[in-house]
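Comments concern the structure below.
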Amino acid sequence: MDRDETESEAIVDVGDDRVALGLALLERLEHGSIPLPDVIDRIETVTTDPTVTRTILDEAELRGIIEREDGIIRPKSRQYVRFEQDVITKEGEFSCQRCGSGLSTGHFINLEAGELGPFGSSCIRKVTGRDD
């Protein structure tokens with residue numbers, strides 16, 4: 001593979017579903033400010049690809065969803081995940097998207113860009129920022 005092919009593979013389309021889902025998740029962060037590693041922990045529920053993660057963060061900043069400074073992220077939106085309306089539970093056999101634990105009840109976040117999950121009862125609180 002030549003150098004041009006490698007470089008073109010590193011480009012992520014902002015229309016990628018993972019980018020859209022990551023942006024939708026960042027729009028719902030419940031913090032005045034949050035350290036970058038904690039934001040990446042949440043993005044990793046969407047993707048573990050560092051190129052996609054970088055694209056999500058860059059695009060979120062370009063769109064005014066977040067501000068970044070010195071490793072601190074400041075969300076600009078005040079739209080939070082409402083557990084009564086935005087979190088759906090489903091019975092079945094699932095693996096938590098965040099920690100990998102087996103679940104009989106999966107919690108899913110219903111975002112405009114799609115559904116994110118499943119998560120266990122404690123991980124859903126971590127992803128939404130209800131537990132730190």
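The values are calculated or read from the model by the stated rules, or taken from the named source; none is laboratory data. Only a predicted model underlies this, so the values are computations on that prediction, with no experimental measurement involved. Positions of Cβ are generated from backbone atoms using ideal geometry, with glycine treated the same way; all protein chains shown enter the neighbour counts. Keep in mind that these areas ignore ligands, DNA and RNA; they rest on the heavy atoms of the full protein, side chains included. Shrake-Rupley method; radii C 1.70, N 1.55, O 1.52, S 1.80 Å.
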**Message:** In Å², and per residue, what accessible area does the chain have when probed at 1.4 Å with the other protein chains present?
**Reply:** 57 Å²
**Asked** Leaving out ligands, DNA and RNA, what percent of the accessible area of region 8-132 is carbon and sulfur, probe 1.4 Å?
**Response** 43 percent
**Item:** Cα gyration tensor shape for region 32-85, rounded if a/c is under 1.5, else prolate or oblate
**Value:** oblate
**Message:** Given a 1.4 Å probe and heavy atoms of the protein chains only, how would you sort 112, 44, largest accessible area at the top?
**Reply:** 112, 44
**Item:** Reciprocal mean inverse distance between Cα atoms of the chain - Kirkwood radius, Å
**Value:** 15.4 Å
**Request:** May I ask you to evaluate 6.51 cos²θ - 1.76 cosθ + 1.60, the Karplus curve with θ = phi - 60°, for each residue of region 35-43 and list the ³J(HN,Hα) values in order in whole Hz, giving x for glycine and proline?
**Result:** x, 3, x, 5, 5, 4, 4, 6, 4
**Request:** Using a cut-off of 10 Å between beta-carbons, work out the net charge of the residues near residue 67 (Lys and Arg +1, Asp and Glu -1, residue 67 not included).
**Result:** +1
**Item:** In order through region 114-127: 3J(HN,Hα) via Karplus (6.51 cos²θ - 1.76 cosθ + 1.60), integer Hz, x for Gly, Pro
**Value:** x, 9, 10, x, x, 10, x, 5, 7, 5, 4, 6, 5, 5
**Message:** Using each residue's phi in region 76-93, evaluate 6.51 cos²θ - 1.76 cosθ + 1.60 at θ = phi - 60° and report the 3J(HN,Hα) Karplus result to the nearest Hz, with x for Gly and Pro.
**Reply:** 9, 8, 10, 8, 9, 6, 9, 4, 5, 10, 9, 10, 10, 10, 9, 8, x, 10
